[in-house]
Amino acid sequence: MTLELYIFNMCPHCQRVRVLLNSLALPHQLHRLDPSNKPPNFTTISPLGTVPVLRVNDQASILDSLAINEYLNDYAGGSMLPADTLARGVVRGWTGFASDIQGDMVKLMAAETEQSLLSVAATMTKKLQVLEKLIAQAILPVAPHALTLLDAVMAPLFLRFNVMHNHLPLIDASTMPHMQAWQSWLIAEPAVVNSVDGDFSALFQRFIEQRSGGALAARMDGE
Ligand SMILES: N[C@@H](CCC(=O)N[C@@H](CS)C(=O)NCC(=O)O)C(=O)O
């Protein structure tokens with residue numbers, strides 16, 4: 001079985017898949033694409049032109065980070081979801097919820113005004129508080145724990161929250177101790193550290209300077 005993954009380096013969805021591949025120690029080949037200069041025939045591999053896309057045996061393509069991660073987990077024996085069917089369903093459900101927070105992250109990046117930035121940040125904080133409560137209720141595990149598909153989705157978010165923290169804190173240790181512990185542990189996990197090439201903090205700061213709608217970059221510059 002050959003596995004080839006097509007990525008952009010700073011794509012959070014691609015990072016999710018790299019966390020899985022690293023964590024499961026699955027041999028694979030990475031194709032690092034330039035978002036502004038994709039290969040001309042890329043749509044034969046990824047019909048929508050999006051990444052991540054996993055090419056299997058150079059015969060079939062799997063699109064969408066959550067679908068790719070489910071496939072990789074099944075292929076490797078299923079260790080990244082609980083064995084119990086109900087517990088597995090619960091983690092899958094919250095993985096979808098966490099994935100939606102990545103959508104909020106896009107809005108946060110796009111915010112042009114301080115007001116819209118704060119409004120998206122408030123929405124995100126409410127969602128993070130939901131996760132905090134789930135951990136307190138033992139519905140989700142406290143950190144550290146065996147890596148799951150949910151960790152693969154939270155890892156790119158936590159890495160970004162950590163870089164923004166001094167300028168726009170989303171996880172407050174006093175009100176979200178479980179989330180804070182989860183973040184501190186997960187961003188230091190080798191599978192996560194190696195989910196991007198280079199110094200993530202420097203790369204993400206540059207990404208914000210170049211790609212943010214303005215409000216987030218202004219905060220990062222101003223403090
Ligand atoms: N739902 C998809 C979203 C993938 C996605 O939005 N990928 C972005 C990069 S992060 C992309 O390929 N955009 C097309 C482009 O930039 O040309 C997933 O989870 O994989």
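The set of residues from region 6-45 being within 11 Å of the ligand (Cβ to nearest atom) and touching a residue at least 40 places away in the same chain (Cβ under 8 Å) comprises Y6, I7, F8, N9, M10, C11, P12, H13, C14, Q15, R16, V17.
Here are L81, L48, L86: which of them is more than 13 Å from the ligand (Cβ to nearest atom), in a loop (DSSP other than H, G, I, E, B) and at negative phi? Before the answer, list the steps.
Numbers: L48 fails: more than 13 Å from the ligand (Cβ to nearest atom); L86 fails: in a loop (DSSP other than H, G, I, E, B).
Going through L81, L48, L86 in turn, the sole match is L81.
Candidates K127, K107, K133: the one that is surrounded by fewer than 17 Cβ atoms within 10 Å (Cβ to Cβ), assigned to a helix (DSSP H, G or I) and within 16 Å of the ligand (Cβ to nearest atom) is K107.
Somewhere in region 110-125, is a residue in contact (Cβ under 8 Å) with a residue 24 or more places away in the chain, more than 28 Å from P177 (Cα to Cα) and among the polar types (S, T, N, Q)? Taking every residue of region 110-125 in turn, at least one turns out to be in contact (Cβ under 8 Å) with a residue 24 or more places away in the chain, more than 28 Å from P177 (Cα to Cα) and among the polar types (S, T, N, Q).
In region 138-155, the residues that are farther than 11 Å from E189 by Cβ reach residues that are aromatic (F, W, Y) with C-beta atoms within less than 6 angstrom, at least six apart or across chains, in these pairs: L150/W94. One residue is enough: does region 184-202 have a residue meeting the conditions modelled with pLDDT under 95, of a type in the set (D, E) and either at negative phi or surrounded by 19 or more Cβ atoms within 10 Å (Cβ to Cβ) (or both)? No, because not a single residue in region 184-202 is modelled with pLDDT under 95, of a type in the set (D, E) and either at negative phi or surrounded by 19 or more Cβ atoms within 10 Å (Cβ to Cβ) (or both).
State all residues of region 17-28 that are within 15 Å of I62 (Cα to Cα) and out of contact with any Pro (no Cβ under 6 Å at 6 or more places or on another chain); if no residue qualifies, say none.
Going residue by residue through region 17-28, those that are within 15 Å of I62 (Cα to Cα) are 17-18, 20-21, 28.
If the condition is that a residue be within 15 Å of I62 (Cα to Cα) and out of contact with any Pro (no Cβ under 6 Å at 6 or more places or on another chain), then R18, L20, L21, H28 are the ones that fit.
The values are calculated or read from the model by the stated rules, or taken from the named source; none is laboratory data. All values derive from a computational prediction rather than experimental measurement. Reconstructed Cβ throughout: ideal geometry from the backbone, glycine too, with neighbour counts over all protein chains shown.
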